[in-house]
1. From the list 63, 27, which one is crowded, with 17+ Cβ neighbours inside 10 Å, in contact with a helix residue (DSSP H, G or I) (Cβ under 7 Å, 6 or more places away or on another chain) and touching a residue at least 60 places away in the same chain (Cβ under 8 Å)?
2. Of all residues in segment 128-182, count the ones that are under 16 Å from residue 96 (Cβ atoms) and of a type in the set (D, E, K, R).
3. Given the options 10, 14, name the one that is touching a residue at least 40 places away in the same chain (Cβ under 8 Å) and outside the structural domain of residue 140 (by TED's automatic domain parsing).
4. For segment 134-150, what are the residues that are touching a Pro at 6+ places or on another chain (Cβ under 9 Å), of a type in the set (Ser, Thr, Tyr) and surrounded by 11 or more Cβ atoms within 10 Å (Cβ to Cβ)?
5. List the number of the failed condition for residue 110; all other conditions in (1) touching a residue at least 60 places away in the same chain (Cβ under 8 Å); (2) of a type in the set (A, V, I, L, M); (3) over 25 Å from residue 164 (Cβ atoms) hold.
Amino acid sequence: MLDRETENRILDFIVNVEQPMHSAEIAKALDINRVTVSKYLSVLHSRGLIEYRNIGMAKVWMAVENPILQAFEKNDVNNPTIQAFNSLSEGVSVLDKEMNVIWLNRAMEARHGKLNTLKSKKCYEVFHNETAVCKNCPTLKTLESGKRAIATIQKPTHTLEISTSPLKSPKGRFMGIIEIVRVLDKGKKESAVPGK
């Protein structure tokens, strides 16, 4: 059985090191048996938290820039985070730093169409049928501040509450945005209608 503390030590080391490292170097730096380190590296790799590059006969290991972003880009339906977002009735989308659609949950797909036809299009084109960024756009606020933002946007038939949060790498680098959308009725009660 694998030890969570050892796993976290190895992952933290790989995330914080400046360059890819061979398993023997990782083992030496952490004072852990090389075979043990190799087992943990395989487990971390299978979870999508680290990756390797072959250099000759050796593998050098490095952190995945952002494991959750990678799962969204691949639309990995077995990823627990994606499963959780797909179970929500609220619309959830993941956008890159240029406001392009990377991923949509099932509620957003039901309202706007399949991900494969909308991927890489601007959010304001897909969700609001606009040619430019929406007035009071929380996504733009998050891009500018790097912090969470919430906005209420009035549509002809309903009101939207859009909450945005930055998606950051393990090293704190800004990678994209997660957007959660609730459709509100005139009394501001939450509606079961998903999406934007």
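The values are calculated or read from the model by the stated rules, or taken from the named source; none is laboratory data. Here the structure is a predicted model, which is why all the values come from computation and not from measurement. Neighbour counts are summed over all protein chains in view; Cβ atoms, including those assigned to glycine, are modelled from backbone coordinates with ideal geometry.
1. 63
2. 4
3. From the options 10, 14, the qualifying one is 14.
4. Residue satisfying the conditions is 142 alone.
5. With respect to (1) touching a residue at least 60 places away in the same chain (Cβ under 8 Å); (2) of a type in the set (A, V, I, L, M); (3) over 25 Å from residue 164 (Cβ atoms), residue 110 is out only on (3).
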